[in-house]
Structures are given as structure tokens and as C-alpha cells.
Amino acid sequence: PAAELGLGSVLAAAQLKVRAALPPALADQVGRVQTRFHLDPSTWYGAADEVPFLPAVADAVWRSRALSVRYRRWKEPTDISRRLEPYGVVLKPGRWYLVAGPGSPRTYRVDQILELTELEDEFAVPGHFDLAAYWQRYKAEFLDHLYRDEATVRLSPAALGRLSGPETEAVARTGRAEADGWTRAVLPVESTEIALRQFLALGPEIEVLDPPELRARLAAAARATAALY
């Protein structure tokens with residue numbers, strides 16, 4: 001990540017200076033950690049985003065310089081022009097985001113910046129702005145918007161081991177063990193279509209109890225699969 005921000009050489013020099021200033025025993029410990037711990041912030045699936053403007057974005061963040069960008073978003077009109085005041089950058093495994101004003105901050109994917117020009121005007125980040133706190137609120141609001149529906153399900157022990165993220169948290173909140181070893185829980189879902197694909201991947205390790213439409217579509221998919229084989 002430091003290299004992607006254009007700070008690879010700066011980080012390497014800082015590490016060398018810190019290690020040179022450490023007592024020998026502590027320097028040896030740091031060396032062992034470096035040889036036995038590796039951080040890979042990328043995801044397994046999908047190609048890494050192309051972020052040619054990331055160094056320029058980061059430089060504008062460090063120097064509090066406004067940017068003029070052409071940006072591609074998901075809704076119409078897709079390509080828009082904006083003047084941004086970059087407050088900070090966030091790396092969420094495999095993807096870089098820019099948090100920018102003016103005014104109330106908004107979040108932009110760096111890989112969706114089509115053109116970028118650094119402006120002469122400087123700006124001041126609002127004194128009350130906290131990047132980490134903003135990101136936590138943004139994530140919570142994003143998930144609330146994303147998961148609009150729920151499904152009541154029964155999960156086998158094997159299915160429980162394959163859940164992750166919001167689904168795991170939902171089981172912790174709503175899960176209730178049943179006599180046969182399965183667990184009844186209420187899971188968040190984005191939509192019937194997405195839930196259908198996700199739950200089909202669990203095969204006979206999940207039973208949907210509600211909503212009826214999702215249960216019926218899973219049953220139909222299971223019958224079609226059985227007929228095919």
C-alpha cells in the first residue's frame with residue numbers, strides 16, 4: 001500500500017532509520033517479525049483495481065490541495081465533473097477510496113477517477129473531521145442500505161462454519177440452537193435474487209423458512225437440479 005501511494009522509498013528509509021536506532025536485541029526481534037509476518041491487503045478473487053491516479057490523490061491529501069476530477073459513478077449521468085477537497089484515503093482490501101469535501105464528506109472509488117487535475121487553491125480539513133470515525137459510520141450506513149431484507153433460516157453446523165461477515169454477526173445476535181443440532185437464525189439479505197444464489201451454494205446445509213417466495217424459489221431450483229442429474 002505504501003508503494004501504491006508513492007511512499008515506498010520513504011517507508012523503506014524510515015524503517016532502516018528506526019531499526020538502526022534500536023538496541024541490538026530489539027533490532028533482532030524486529031528482523032524476526034519481518035521474516036515471519038507478511039501483510040497482503042488484496043482479495044483472493046478478482047483482478048486488482050487499476051489506480052493510476054492514486055499517487056496524485058495521495059499527494060493532494062498530504063498537501064491539502066483541491067482537485068478537479070472527472071468521475072464515473074453507477075447512476076445516470078454516469079460521468080460527472082467535480083471539484084474535490086481530499087480529506088483522506090482509505091484502503092479496504094484490494095480497493096482504494098477517497099474521502100473528500102467540500103462540506104460534508106463523501107466517498108469516491110479511486111479506480112473510478114477518469115481524469116484528474118490538481119488545482120492551485122488550498123483548503124483546510126475541518127477541525128472536527130476524524131477519518132477513522134467517518135469510515136466506521138460510512139460502513140454502518142452502507143450495510144444498513146445494502147441489507148434491506150431478512151430471511152429466517154435453519155443452518156447445519158457445516159453451514160455455520162461457511163458464513164462470514166454480517167451473516168456471522170446476525171447468527172450471534174439471533175441464533176437459537178435446536179434439538180437436532182441445527183441453528184435457527186434471521187439473516188440479512190440484499191434481495192431475493194442475491195439470497196437465492198448465496199443459499200443455493202450451501203445446498204442441503206440450509207433450510208429457508210421465510211419469506212415464502214425465497215423458500216419456493218429454492219425448492220424449485222433444487223427440483224430442477226435433481227431433474228437435471
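The number of residues in the range 30-61 being in a helix (DSSP H, G or I) and either at pLDDT below 85 or loosely packed, with under 12 Cβ neighbours inside 10 Å (or both) comes to 7. For the range 130-173, the set of residues classified as of a type in the set (A, V, I, L, M) and outside any helix (DSSP H, G or I) consists of ALA151, VAL153, LEU155, LEU163, listed by residue number.
Looking only at residues that are in contact (Cβ under 8 Å) with a residue 40 or more places away in the chain and among the polar types (S, T, N, Q) in the range 147-187, which one is nearest to GLU205 (Cα to Cα)? If we take residues in the range 147-187 being in contact (Cβ under 8 Å) with a residue 40 or more places away in the chain and among the polar types (S, T, N, Q), then SER156 is nearest to GLU205 (Cα to Cα). Whenever a residue of the range 1-22 is part of a loop (DSSP other than H, G, I, E, B), its partners that are β-branched (Val, Ile, Thr), lying with C-beta atoms within less than 7 angstrom and at least six residues away or across chains, give the pairs GLU4/VAL51; LEU22/VAL30.
When you look at ALA66, is it touching a residue at least 40 places away in the same chain (Cβ under 8 Å), assigned to a strand (DSSP E or B) and not acidic (Asp, Glu), yes or no? Spelling it out, ALA66 is indeed touching a residue at least 40 places away in the same chain (Cβ under 8 Å), assigned to a strand (DSSP E or B) and not acidic (Asp, Glu). Per the conditions (1) modelled with pLDDT of 85 or more; (2) surrounded by 11 or more Cβ atoms within 10 Å (Cβ to Cβ); (3) within 16 Å of GLN112 (Cβ to Cβ); (4) not acidic (Asp, Glu), the sole criterion not satisfied by ARG83 is (3). Is at least one residue of the range 131-153 open to solvent by less than 40 Å² (accessible area, probe 1.4 Å) and among the hydroxyl-bearing types (Ser, Thr, Tyr)? Scanning the range 131-153, I find at least one residue that is open to solvent by less than 40 Å² (accessible area, probe 1.4 Å) and among the hydroxyl-bearing types (Ser, Thr, Tyr), so the answer is yes.
The values are calculated or read from the model by the stated rules, or taken from the named source; none is laboratory data. Just so it is clear, the model here is predicted, and its values are computed rather than measured. FYI the Cβ positions are ideal-geometry reconstructions off the backbone, even for glycines, and counts take in every protein chain you see. Ligands, DNA and RNA are stripped out before the accessible areas are found, and what is left, the full protein with its side chains, is counted by its heavy atoms. Shrake-Rupley method; radii C 1.70, N 1.55, O 1.52, S 1.80 Å.
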